[in-house]
Amino acid sequence: MILRFKKYYEIYKQFACFASMLLYHQKKFRSVSNSPNGEVAADTVFYYQQKENIVTATYSGGDIIIGQLIAVVTDEGSLDMRYQHVNKKNVLMTGICFSTPEILPDGKIRLHEKWQWTSGDCSTGDSVLEEF
């Protein structure tokens, strides 16, 4: 009995890891809230891609001409990311972000983000993105 449980537990762990790794592929997100010192707004759109535990995205809109991010998906499905973009003032901005996913009742993803600029004033902020 214990051996059977161990076998099913190992299958469950593999499935849980596999499920979290597929969470972000070909998803589109937009901002629903951001700190005043952030540049992402409701008209900024993110296009996510994923290969295994690596997520990349491009984004643009609002005050952002073009941006890119790269992230590692944690075992819990969160994103540990770095981002860079050029804003409408033609300034290159960079930062770090940790995003925690929430699965909404309709199955879409909401990302709760804690971020910090690594350029400019190096301030911190919070934002929320939702899949659409």
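A short reminder: the numbers here are calculations on the coordinates, not readings from a lab. Just so it is clear, the model here is predicted, and its values are computed rather than measured. Cβ coordinates were reconstructed from backbone atoms using ideal geometry, including for glycine residues, and neighbour counts include every protein chain displayed.
Considering the dipole of the stretch 17-119 built from charges on the beta carbon (Lys and Arg +1, Asp and Glu -1) around the Cα centre, which of A71, A42, I54 is farthest to its positive end? Going by the Cα projections, it comes out as A42.
Between amide H atoms placed 1.01 Å from N, distances below 5 Å from I65 occur with V86, N87, K88, all of them 5 or more places distant or on a separate chain.
Applying both filters, DSSP loop and at most 15 other Cβ atoms within 10 Å, to the trypsin sites (Lys or Arg not before Pro) of the stretch 26-123 gives K88, K89, K108.
Pull out the extension gain between E102 and K88, defined as 0.36 nm times the separation in residues minus the alpha carbon to alpha carbon distance; nm, one decimal.
Working: separation 14, 0.36 × 14 = 5.04 nm, distance 3.11 nm.
Length gained, E102 through K88: 1.9 nm.
Coupling constants for the stretch 126-132 follow from the phi torsions by the Karplus curve (6.51 cos²θ - 1.76 cosθ + 1.60, θ = phi - 60°), and in residue order they are 10, 8, 10, 10, 10, 5, 9 Hz; glycine and proline get x.
Extension gain for K51-C122 works out to 22.5 nm (0.36 nm per residue, less the C-alpha to C-alpha distance).
Calculated FRET efficiency, D75 and A42, Cβ-Cβ r, R0 25 Å, to nearest 0.05?
Details: r = 31 Å, r/R0 = 1.26.
That pair, D75 with A42, gives E of 0.20.
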